[in-house]
1. So, of the residues in the range 20-70 that are on the phi < 0 side of the Ramachandran plot and of a type in the set (Asp, Glu), which turns out to be farthest from the chain's Cα centre (by Cα)?
2. Do any residues in the range 28-56 that are part of a strand (DSSP E or B) have Cβ atoms under 8 Å from those of residues that are among the basic types (Lys, Arg), where the two are at least six apart or on different chains, and which pairs are they?
3. Is the range 16-27 home to any residue that is open to solvent by 100 Å² or more (accessible area, probe 1.4 Å) and at pLDDT 90 or above?
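The values are calculated or read from the model by the stated rules, or taken from the named source; none is laboratory data. Small disclaimer: the values here were computed from a predicted structure and weren't measured. Glycine also receives a Cβ, built like all others from the backbone with ideal geometry; neighbour counts cover every protein chain displayed. Surface areas here come from the heavy atoms of the whole protein model, side chains and all, with no ligands, DNA or RNA. Shrake-Rupley method; radii C 1.70, N 1.55, O 1.52, S 1.80 Å.
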Amino acid sequence: MTHQNRQDQHQYWSNHWQNPQYRRITIDQAMAIALQRVPGQVVKAELDYDDGVLVYEIDIRTAEGHKYEVKIDANTGAILRVKLD
């Protein structure tokens with residue numbers, strides 16, 4: 001790989017929406033926030049870009065078997081939406 005290619009890749013990653021510099025909370029923190037709101041087991045957790053905002057989408061299965069999707073702002077940790085899936 002040439003020096004220019006490495007620079008291009010670094011520049012791409014430094015501006016990429018998934019780069020950790022663009023979020024203030026970790027996925028573990030997001031899962032903890034979601035579990036405080038909806039107790040259960042996390043079955044899926046991912047970072048997404050939704051309407052210009054970085055959000056964590058956390059899917060939780062409750063003890064009763066219901067599945068909820070909790071969206072959390074990756075910058076503030078605020079719960080944006082809780083939806084029964």
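1. In the first step, residues of the range 20-70 are kept if they are on the phi < 0 side of the Ramachandran plot; the result is 20-39, 41-50, 53-64, 66-70.
Keeping just the survivors that are of a type in the set (Asp, Glu) gives 28, 46, 48, 50, 57, 59, 64, 69.
On the way: ASP28: 9, GLU46: 5, ASP48: 6, ASP50: 10, GLU57: 5, ASP59: 11, GLU64: 25, GLU69: 12 Å.
If we take residues in the range 20-70 being on the phi < 0 side of the Ramachandran plot and of a type in the set (Asp, Glu), then GLU64 is farthest from the chain's Cα centre (by Cα).
2. Listed pairs, sorted by first residue: GLN41/ARG61; VAL43/ARG61; VAL43/LYS67; LEU47/ARG23; ASP50/LYS71; LEU54/ARG23; VAL55/LYS71; TYR56/LYS71.
3. Going residue by residue through the range 16-27, those that are open to solvent by 100 Å² or more (accessible area, probe 1.4 Å) are 21, 24.
Cutting the leftovers down to at pLDDT 90 or above gives us none.
For the range 16-27, residues open to solvent by 100 Å² or more (accessible area, probe 1.4 Å) and at pLDDT 90 or above: absent.
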